[in-house]
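Below: the structure, in structure tokens.
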Ligand code: CMP
């Protein structure tokens, strides 16, 4: 059955001008782009999005980085979308990411790692709702 996941092209990748290259790789892997927009989020909005990580040592850096420039939040659909996107992204730390993955190709560090993808069904539902209204998801 078809599944939806949530993804963000992060500020480092947007600054580098690799947004379109990442989207092409995502489409080539069989994902449909259900919704996408350009957005700039505040520190508080980044803190709300990453609330599960509040208190972790990297939280301040993460929320500062995510509010440092434009991002492209998007909703993606395919069979097994959540797990397949995470495979396509590669490991959180690009140094450990497999050859050919998005993070291996475009990410700088564990903090500035080009792309986000939901890690489970519940997270995907929360994250889609954080950025998109139901009417944008037809
Ligand atoms: P993301 O998938 O967006 O979810 C949480 C983010 O925290 C993660 O990607 C990383 O970019 C970021 N992060 C920064 N430092 C760390 C760290 N030491 N361990 C895990 N995640 C980190």
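Since every read-out is calculated from the coordinates, none of them should be taken as a lab result. Keep in mind the model is a prediction, meaning the values are calculated, not measured. Every residue, glycine among them, receives a Cβ derived from its backbone with ideal geometry; neighbour counts consider all protein chains shown.
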note = Using alpha-carbon positions, the gyration tensor of region 61-111 gives root eigenvalues a ≥ b ≥ c; with a/c under 1.5 called rounded, otherwise prolate if a/b exceeds b/c, else oblate, the class is oblate
request  = Evaluate E = 1/(1 + (r/R0)^6) for residue 37 and residue 91, where r is the Cβ-Cβ distance and R0 equals 22 Å; express this FRET efficiency to the nearest 0.05.
outcome  = 0.20
request  = Please give the calculated 222 nm ellipticity per residue for the chain, where each DSSP H segment of at least 4 residues contributes -39500 (n - 2.57) and the sum is spread over every residue; nearest 500 deg cm²/dmol?
outcome  = -11000 deg cm²/dmol
query = What relative contact order, as a whole-number percentage, does the chain give when Cα pairs under 8 Å and 6 or more residues apart are counted?
reply = 37
Extended-chain gain in nm, criterion 0.36 nm per residue less alpha-carbon gap, residue 44 and residue 136 = 30.8 nm
key: Pairwise centroid distance, computed over Cα atoms, of region 71-138 with region 1-42, Å   = 8
task = Sort all Cα-Cα distances of the chain into consecutive 5 angstrom bins from zero, then give the percent of pairs in each bin up to the one containing the longest distance.
result = 2, 11, 21, 25, 24, 14, 4, 1
Label-point separation, residue 27 to residue 56 (7 Å along Cα→Cβ), nm = 3.2
